[in-house]
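Participant: Following this message is one structure expressed as structure tokens.
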Amino acid sequence: MLFPFRSRDDSRVLLVGGETSISDRLEETLKNVGPPTTQLIRYSHIPIVFDTSKKALRDDPVELYVVRPEDTKGSWKFHVWDKLSNVVFLIDLCGLVRTKRGLTIKKGRSVILWVPAVDAFTLRRLPSKKPPPRDTLASLAKRFKSPQQLRRGTEWKDKLTAAIQAVIGDEANQYYYIDGLATHPDYQGHGFATTLLNAVLQLADDQGRPTWLGSSNIMNTGFYESFGFVEAARITLGDDPEWTSEPVIALLMVRPAKDQSFYYADEKAQYFV
């Protein structure tokens, strides 16, 4: 499972293509990826996508350290925070459906979410006279975070921001970004994630764009390396004095654009501890 880099609410952003729309490119790509059947995520898939994402993250190292630390167990505040955060996530999923930035196999049992290189399209934000409900709920949810969630969330955000700035810098709009990749535990081992990732990488290759992602579980490193991703930055979590286990490692990985010569060798990877 990938960890979220999203720094803003993209649910109110429309991406409008030029001569060839993103929808046309998606349809053409989906024709070529072959079985199993891959399709855009629909509103009817959202409950299953939600369930898939939650179960795929159940034992994720970064999730356990940042989102579900020790002081949240049995806490009524965590229960309220969790419910509010779930609503925010559902709103985000609706936005991804509307902007056609999610693919699925088995109607939500395996999913990939991504952000295209936005300078390849016209970026238009939907008008709003007041803060979106999503932002209001997210702000309210933050009030119910535990002390460990707040400390570790700040540690995570600061190190993540530094890693992104060092590796991607001001060129983020030039990259495709894999926002999430997950398969329900009962459907793993069938190559669904491979098919979905290949579909999005084909879109990036067609435009000659590099791609980046964040892996919150180093056990998945070999999987991403098989697609041409290489480690560009390593983030080490565990500064919280109440954390007594081994440090948690997350990776920022980059896949060069097709026919692009640059690469990030292991010795050139940057470390954020």
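Participant: Kindly indicate which of Gly214, Gly228, Gly180 is under 15 Å from the mean Cα position of the chain (by Cα) and more than 19 Å from Leu40 (Cα to Cα).
Facilitator: Numbers: Gly228 fails: under 15 Å from the mean Cα position of the chain (by Cα); Gly180 fails: more than 19 Å from Leu40 (Cα to Cα).
Sole residue among the options that is under 15 Å from the mean Cα position of the chain (by Cα) and more than 19 Å from Leu40 (Cα to Cα): Gly214.
Participant: Might you let me know whether the range 209-216 holds any residue that is touching a residue at least 12 places away in the same chain (Cβ under 8 Å), part of a helix (DSSP H, G or I) and within 19 Å of Ile112 (Cα to Cα)? Quick ask: steps written out before the conclusion?
Facilitator: Within the range 209-216, the subset touching a residue at least 12 places away in the same chain (Cβ under 8 Å) is 209-216.
The next check asks that each one be part of a helix (DSSP H, G or I); those that pass are none.
Taking every residue of the range 209-216 in turn, none turns out to be touching a residue at least 12 places away in the same chain (Cβ under 8 Å), part of a helix (DSSP H, G or I) and within 19 Å of Ile112 (Cα to Cα).
Participant: Looking at the range 215-235, which of its residues are of a type in the set (S, T, N, Q) and surrounded by 14 or more Cβ atoms within 10 Å (Cβ to Cβ)? Let's see the steps before the verdict.
Facilitator: First, the residues of the range 215-235 that are of a type in the set (S, T, N, Q): 215-217, 220-221, 226.
Of everything in the range 215-235, those that are of a type in the set (S, T, N, Q) and surrounded by 14 or more Cβ atoms within 10 Å (Cβ to Cβ) turn out to be Ser215, Ser216, Asn217, Asn220, Thr221.
Participant: Provide a single number: the residues in the range 139-171 that are of a type in the set (Gly, Ala, Ser), buried (at least 18 other Cβ atoms within 10 Å of the Cβ) and either in contact with a helix residue (DSSP H, G or I) (Cβ under 8 Å, 6 or more places away or on another chain) or over 30 Å from Gln207 (Cα atoms) (or both).
Facilitator: The first filter runs over the range 139-171 and keeps only residues of a type in the set (Gly, Ala, Ser), leaving 139, 141, 146, 153, 162-163, 166, 169.
Now narrow it down to the ones that are buried (at least 18 other Cβ atoms within 10 Å of the Cβ): 141, 146, 163.
Checking the rest, the ones that are also either in contact with a helix residue (DSSP H, G or I) (Cβ under 8 Å, 6 or more places away or on another chain) or over 30 Å from Gln207 (Cα atoms) (or both) come to 141, 146.
Number of matching residues: 2.
Participant: Criterion first (modelled with pLDDT under 95, surrounded by fewer than 18 Cβ atoms within 10 Å (Cβ to Cβ) and assigned to a helix (DSSP H, G or I)) does Ala204 satisfy it?
Facilitator: On the way: modelled with pLDDT under 95: yes; surrounded by fewer than 18 Cβ atoms within 10 Å (Cβ to Cβ): no; assigned to a helix (DSSP H, G or I): yes.
Answer is no for this residue.
Participant: Any residue at all in the range 252-259 that is modelled with pLDDT of 90 or more and assigned to a loop (DSSP other than H, G, I, E, B)? Explain how you work it out, then say what you get.
Facilitator: Filtering the range 252-259 for residues modelled with pLDDT of 90 or more gives 252-256.
Among the residues that remain, those that are also assigned to a loop (DSSP other than H, G, I, E, B) are: 256.
Within the range 252-259, one or more residues are modelled with pLDDT of 90 or more and assigned to a loop (DSSP other than H, G, I, E, B).
The values are calculated or read from the model by the stated rules, or taken from the named source; none is laboratory data. Just so it is clear, the structure is predicted and the values come from calculations on it, not from any experiment. Neighbour counts are summed over all protein chains in view; Cβ atoms, including those assigned to glycine, are modelled from backbone coordinates with ideal geometry.
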